[in-house]
Structure formats: structure tokens, C-alpha cells
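A short worksheet on the structure shown next.
The numbers here are math on the coordinates, done by the rules we state, and not lab data. Quantities reported herein were computed from a predicted structural model and do not represent experimental measurements. Quick reminder, even Gly has a Cβ in these numbers, built from the backbone with ideal geometry, and neighbours come from all protein chains shown.
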Amino acid sequence: MGLKINNLTKSFGTGDIETQVLKGVDIEVKEGELVILKGASGSGKTTLLSIIGGLLGRSGGEVSLNGENYLDIKEKALTSMRLKEIGFIFQSSHLIPYMKVIDQLTFIGEQAGMSSKNAKIRAEELLKEIGLGHRLKAYPNVLSGGEKQRVAIMRAWMNEPKMILADEPTASLDAQRATEVMEMIRDNIKVKHAVGLMITHDERLFGYADRIYTLDDGYVADEKMDKKELIYN
Amino acid sequence: MKLALKELKFYKFKYVLVTLILFLLAFLVLFISALAQGLAKENISGIEAWNQEQFIISEGVDDSLTQSDISEQMDQIEEVTIEGHNIEFSRNTIDATNSNIDIVFTNTDENIAPVADEGRFPETSDEILLNYKLTGEGYEVGDTVKIKDSDTTFEITGFTEDIMYSHTSMAYVTDGGMDRLDSSSIAAVALPEDTNGISEEINNIEDVKMVSNDVIKNAIPSYQAEQQPLNLMIVFLFIISAIVLSAFFYVITIQKSSQLGILKAIGTKNGELVKTILVQVILITLVGVVLSIGIMFTLNTVIPVSMPFYLNTSLMMTVSGLFLAVAFLGAILSLVRIVKIDPLDAIGGE
Ligand SMILES: Nc1ncnc2c1ncn2[C@@H]1O[C@H](COP(=O)(O)OP(=O)(O)OP(=O)(O)O)[C@@H](O)[C@H]1O
Ligand SMILES: [Mg+2]
């Protein structure tokens, strides 16, 4: 169970301008695991994450979450899947400027069918958990970068997703904030038995991962090989 | 819905501003419409008061009621139909306190004559009922009006609102009253409708033809000349409103493209976002239009009777409805944009 990716390929363009970004990616992330994906700029990390998140079509291969090949379902169902079963965390928090902190979460919950009362209870719980209990009524523009990102993380957790996809979630944070946020993401994944896949370049965060994959030339290699390469050099 | 209202509340200034613009546009549309209707009334209300569809008039008078004289053909017309209502016309000038006033004296049978809004209808040959507007000249029931350059006088028995023909007030007198005027003649025979298809027979009578209500109205030169430019202005105001609204919402939509992309990425349906814009557009339009209607009603109570200004609820309804339609039209561009936004743009970048 968990996330299984088999021989995933992705090309952009056709004919002369065709570029194959992913040539056969195999990744497995078990429930409760947090896996880090690294790789040079332009290696295709965001592309891979977008495909897994159902935002971008693939050229070939299989992706399944807990045994279900969810990528081939209808657009509407996929949107609903993104709402309920996938939690996205982006490089910048992307909070909605005109919504109070608590509403950022309740909004997501209500869309997924929660009653506004239950959504409020759950949102408060989540926000207290990350130490933002005193900022429930604040608008994003008065929050610090770290606070915003913490709200965004809890927004991703609001509907108890089975999978968390994060693209450089700590890029806009200082070192201390980055570790805090990282711990929070990892702990949540462990406690909630979700699947976590995170893109990051920040070596200080590698210690939090169960495994580290490197994307290079369209394929992934895992940490062990990476270490071998280090030794050869 | 929640999204829409929270956004309106947060960006109050921006949305209040566009509501204000819309309010001014709606106000201008309503004001010009009221003016157009007021002017229309000054031209055709006398004809509309009869509530008749067909008119038998003279040929070769440019369909003008005041120039038409079918007195000589009446025998022939009555051979075809006796259902019609004879309308007598006589254009005269009366001596008023400060100036001379042109008046179209009329007489017709009581079946199609309007009712008196104040006082009563004339019963004897020296009594007269005037268009209400002449109260603006100081006339009251019981006063006497005198025909210019003659000894003929009439005593006012009442007033009726909105009986005008080509910017000239009309006055009703009795058969006998009509005989006391020099140039009286039968101008037309009015019919509620062409029931028995007699138009051909009527048209066969020399120098006589049958025309519709609309032909008579449109033949009044000032009517067309006034309505056309005003209607053009109204049409342009609607177009401007549509453009202002679509530009405003389009710019706002573009501004929040990445935000909308994020919302889509985390699972917000297109429908939800489309609804947001629609709710906002409807709210802004309604507030703007309702405000302008409020101002119009206030204005209506202070505008003097002499001013051509006429406000009615059906006009308000039409204008409000049209404004909503125009607002939807303006929103289309933004809606298309929203649906096209790719959630992928949200990932990876800023
Ligand atoms: N829509 C597209 N059309 C064509 N090429 C694309 C498209 N999207 C991405 N690419 C190409 O695919 C490659 C991988 O891009 P991607 O954004 O996945 O890289 P990345 O590993 O996330 O890089 P970074 O670390 O800089 O974020 C790049 O060469 C990019 O130019
Ligand atoms: Mg990237």
C-alpha cells in the first residue's frame, strides 16, 4: 500500500522539440513515510509532483495510491480527490488574502462537505496544534512568513488527506523555521499514516526523511547509490 | 458565496468604487429614460389616451392628425363603418397671463374620451377641460380661458393629466363648444381595431386612408427627433456599463490568477469560482441600481410638473433587468478566464 510509481514517463512537445523529462521513474512511498525528492534544477521534480497530484497528464506508466490507479478517473472526480485525499504544500504559502486564518481551513473543510460547525472545531484544533491558536482571527497580511507557511501546512491537513505533496515548502523560511515546519510535516505524516513526498534542496532537512530519491536524467536513484557516487568522487 | 462576500468585505474600497460607477451609470440611464418617457408623453399622450388602434385620416398630410380633415368624406366613411369614434380637432391660441399658449381643442365621444383627474368633463358649449400641465400657468377650475383675437371664452371645469399632442397641450370641449371655434373639422375616425378588414374599402375612398396608431405617433416630427438620440444615449450607456464591469472584473481576475490556480489545485471546483464572480457581479449591480432607483424616486417628488419627466415602475423593472443582463455579459470574459486558469501554474512557482 501507499504510493507506487512504476515506469512513469513524461515528454513535453512533439517532433523536433520533444523533450523527455521523465524517462522511467519508479518510486515507492509507504504509509507513514516521508520521502524527499532532490535533483538539479530542471531535472523534472515539479513535473513529477504535478503528475502525482493529478495536475498534469503523464505520457506513460502507472501511479497508484493505496492500490488505486487514480490518475485515469474523470476530471471532476480528480478535483474532488485533490480536495479530499491529497494535501498540497507549496513553496510560498498562497493563503487567500481576504480570509482569516481560521477561514483558510474551514473553507477547505466545508467544500469537502463538512458542516461549518465541525469544520470550525477541526480547524481550531489543527491551528492550536501548531501554536497559532491566538491568531485564528488574523488576516494573512499580518502573519510572518513562517506563520503563513504553518497555516498552509494545516490547510493541507484539513481534510485528512492520504497523501501530502510538498514542493520546496521551506524555501521561503529561515533555517530555524524550516526545521520547525519540517518536523511538523514529518510528525503529521507519521501520526496520520499518510504518504509524504517532498521536494527540497536543503541538505539540513534530509535527516527528516525516511528515504531520499535523486532525480537525474529522467530516472530516480535512491540514497544508497547517491552515497556510492559520493565515495567514487 | 462565502468566498465572494469575504472578498467584497476585505477589498471594500475597490468594490465600493465600482459600485459607485455603476450607480452613476444606472442613474444616468434612468434619468434619460425618464426624460425620454416624459418627452414621449408630451408628444403622444393625447393619442394614447384614446386607446385606439386604427385611424382613418386624410391622404397627403404626412399622417399628421392636426392637418387631416376628413369632414367631406364622412358620408362615404359612414357607408363603410359606423363603429368609429369621430375625433374633431381645432388648433387655437389662448391668451394667458404672460404669453400666448397654443392648444389643440378636441372633441370626441365619451366612449374614448379620457376621464377628468380633477374637476369634471365639460357639459355645456362654454366649458372646457385642460391638460393638467396648464395648472403650471396658474389656471384653476372655474377660471376663464380666452381665445386670442376673438371674444370666445370657456370656463375651466377640470384637468386631466397627460393629454398632449406634439408638445402642445390638448383641451376637451363639447360638440357645441367645437362649433364656437373657427377652424374645427373632423380630423380622424378612430377604431379600436380593424375587425372586419375594412381597410381596403376605406383606402378606396378618395383622399382617405386607414393607418395604425404607430404611424400617427411616428408622424409627429418632434417625437422621432427626440426619442432617437435619447434612445441612442441609453444604448451607449448600457454598452459602457458592460465594458466598465467586464474590464473591472477581468483585471481583478487576472490579478488573482495565481490565487485562483492554488484554489483549483487544492480542489476547488470551477463552478464554485464561477459562482463567486457571479454573486459579486449581481450584488454590485443590484446595490448600484437600487441606489439609483432610490435617488430617482426622490428626484421625482421635487421635479416641477412643467418638466418632461416621467417615472414608472415598469421602466424601473426593465432598466434593472437590463442592467443585470449587461452585468452578466460583462462577467463572461472573467468567467472564461477563470475556467482557463491552469492549477499547474500554482505549483513550483510563486
Ligand atoms: N509545460 C512545459 N512545456 C515544456 N517543457 C516543460 C514544461 N514544464 C516543464 N518543462 C521542462 O521540464 C523540465 C523539468 O521542469 P521542472 O519544473 O519539473 O524542473 P524542477 O526539477 O522542478 O526544477 P527546479 O528545481 O528549478 O524547480 C525543464 O527542463 C522544463 O523546462
Ligand atoms: Mg520545481
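Quick notes on this one:
- DSSP-defined beta bridges in region A:2-223 - what % are antiparallel, rounded to 5: 50 percent
- Take every Cα pair under 8 Å whose residues are at least 6 apart in sequence, average their separation, divide by the length of chain B, and the relative contact order is 28 percent.
- Helices in the protein assembly as shown, meaning DSSP H runs of at least 4 residues, each add -39500 (n - 2.57). Divided by all residues, the mean residue ellipticity at 222 nm is -14500 deg cm²/dmol.
- Residue of A:Asn188, A:Asn159, A:Asn141 that the Gaussian network model of chain A assigns the largest fluctuation, springs spanning Cα pairs under 10 Å: A:Asn141
- GNM result for chain A, Cα springs below 10 Å: residue of A:Val191, A:Val35, A:Val101 fluctuating most strongly: A:Val191
- Neighbourhood charge, 11 Å Cβ-Cβ cut-off, centred on B:Asp117 and excluding it, Lys, Arg +1 and Asp, Glu -1: -2
- Region B:1-139, dipole about Cα centre (Lys/Arg Cβ +1, Asp/Glu Cβ -1), debye to the nearest 20: 2360 debye
- Whole-Hz ³J(HN,Hα) from phi, Karplus 6.51 cos²θ - 1.76 cosθ + 1.60, for region A:125-137, glycine and proline x: 4, 4, 6, 5, 4, 9, x, 10, x, 8, 10, 3, 9
- Antiparallel bridge percentage (DSSP; both residues within the protein assembly as shown; nearest 5): 65 percent
- Which of B:Leu28, B:Ser71, B:Ser99, positive extreme of dipole for chain B (C-beta unit charges): B:Leu28
- With Cα atoms, 0 to 90° folded angle of helix A:175-192 axis to chain A main axis: 90 degrees
- Rounded to the nearest 20 debye, the dipole magnitude of the protein assembly as shown is 6840 debye, with +1 charges on Lys and Arg beta carbons, -1 on Asp and Glu beta carbons, and the Cα centre as origin.
- DSSP-defined beta bridges in region B:45-220 - what % are antiparallel, rounded to 5: 80 percent
- Rel. contact order, % - alpha carbon contacts under 8 angstrom, at least six apart, chain A: 30 percent
- Order of B:Val339, B:Val287, B:Val326 - criterion: other Cβ atoms within 10 Å of each residue's Cβ, fewest first: B:Val339, B:Val287, B:Val326
- Length released on extending from B:Asn218 to B:Asn312, taking residue separation times 0.36 nm less the Cα-Cα span: 31.6 nm
- For B:Asp126 and B:Glu201, the FRET efficiency from 1/(1 + (r/R0)^6), where r spans their Cβ atoms and R0 equals 35 Å, is about 0.35.
- The amide H of A:Ile89, built 1.01 Å from its N in the peptide plane, has A:Leu165, A:Ala166, A:Asp167 as neighbours under 5 Å, considering only residues 5 or more places off or on other chains.
- q = 0.05, 0.06, 0.11 Å⁻¹: log10 I(q)/I(0) that the Debye formula gives for the protein assembly as shown, counting C-alpha atoms only: -0.45, -0.55, -0.99
- The mean of 1/r over all pairs of different alpha-carbon atoms in region B:45-220, once inverted, gives a Kirkwood hydrodynamic radius of 16.5 Å.
- Separation between Cα centres of region A:37-61 and region A:118-165, rounded to whole Å: 27 Å
- A Gaussian network model of chain B, with springs between Cα atoms under 10 Å, assigns the largest mean-square fluctuation among B:Thr106, B:Thr97, B:Thr168 to B:Thr97.
- Relative to the longest principal axis of the Cα atoms of chain A, the long axis of helix A:145-157 makes an angle of roughly 80 degrees.
- By the combined test of axial Cα extent (at least 30 Å) and Kyte-Doolittle hydropathy (mean at least -1.0), the qualifying DSSP H helices of chain B come to B:12-50, B:221-255, B:270-302, B:313-340.
- Peptide packing: for B:266-276, B:228-238, the average count of neighbouring Cβ atoms within 10 Å per residue gives the ranking B:266-276, B:228-238, highest mean first.
- Using only side-chain charges placed at the Cβ, +1 for Lys and Arg and -1 for Asp and Glu, the dipole size of chain B relative to its Cα centre rounds to 4540 debye.
- Close lysine pairs were tallied over region B:45-220: pairs 8 or more places apart or on different chains with Cα atoms under 25 Å apart number 4.
- The reciprocal of the average 1/r between distinct C-alpha atoms defines the Kirkwood hydrodynamic radius, which for region A:20-116 equals 15.7 Å.
- Rg over Rh [alpha-carbon atoms, Kirkwood Rh] for region B:187-260: 1.44
- Amide proton proximity set for B:Thr152, modelled H, under 5 Å, gap of 5+: B:Ile147
- Listed residues B:Gly84, B:Leu3, B:Tyr15: farthest to the positive end of the dipole of region B:1-111 (Cβ charges): B:Leu3
- Region B:45-220, relative contact order [Cα under 8 Å, separation at least 6], %: 38 percent
- Each of A:Ala138, A:Ile108, A:Gln176 was scored by the projection of its Cα onto the charge dipole of region A:2-223, and the greatest displacement toward the positive side belongs to A:Ala138; charges sit on the C-beta of Lys, Arg, Asp and Glu.
- Across all directions, the average projected area of the convex hull around the alpha carbons of chain B is 23.2 nm².
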